[in-house]
C-alpha cells in the first residue's frame, strides 16, 4: 500500500529531511521514479547516519513533473554487537517551503537483530 504525499503544484520542489536518534547504525536508500510507469529512476539518494547529522535533499522536480511520481525508501538498521535492546528513532519529513506535506516516524526500543524497513509513496497534487 502506498503512502500519499500531497503537494502544491505551484510551490518549489519538495525537500526531504531524515533525522536519526539512538545507537544502531542505519543506512538508507531513496528512489524517485518516473510517473510514466517505465521504471526510470529520476533521482536517487543513499546515505547513512554514521555522523548523526540530519540528511536533507531536494527532489528537484515540481509541478506537473512530480504528479503521480512514486517515491520508495528503505532503512537498513544494524544494532551494535553485544548491546542488547538498543533504541532508535527515525523522523522522515517532507516539506514544500516551510510547510510540512508528509511526516513519518519509525521507532523501536528493543533492537537485537538487523531490521529492514521498506515503504512506498506517491506524490499527488493537493487540489
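The values are calculated or read from the model by the stated rules, or taken from the named source; none is laboratory data. Predicted model only: the values in this text are computed from it and were never measured. Here Cβ is always computed from backbone atoms with ideal geometry, including for glycine, and neighbour counts include all displayed protein chains.
Flag: residue 61 matches the condition of being surrounded by 17 or more Cβ atoms within 10 Å (Cβ to Cβ) and either touching a helix residue (DSSP H, G or I) at 6+ places or on another chain (Cβ under 7 Å) or modelled with pLDDT under 95 (or both). Looking only at the stretch 74-103, count how many residues are farther than 19 Å from residue 13 by Cα and either within 17 Å of the chain's Cα centre (by Cα) or without any contact (Cβ under 8 Å) to a residue 12 or more places away in the chain (or both). Number of matching residues: 10. Looking across the stretch 64-96, just one residue is at positive phi and out of contact with any strand residue (DSSP E or B) (no Cβ under 9 Å at 6 or more places or on another chain), and that is 82. Selection of the stretch 105-120 for residues being closer than 23 Å to residue 13 by Cβ and surrounded by 15 or more Cβ atoms within 10 Å (Cβ to Cβ) yields only 119.
Just give me the residues in the stretch 28-58 being modelled with pLDDT under 95, closer than 14 Å to residue 88 by Cβ and surrounded by 13 or more Cβ atoms within 10 Å (Cβ to Cβ), in sequence order. Passing the criteria: 48, 49.
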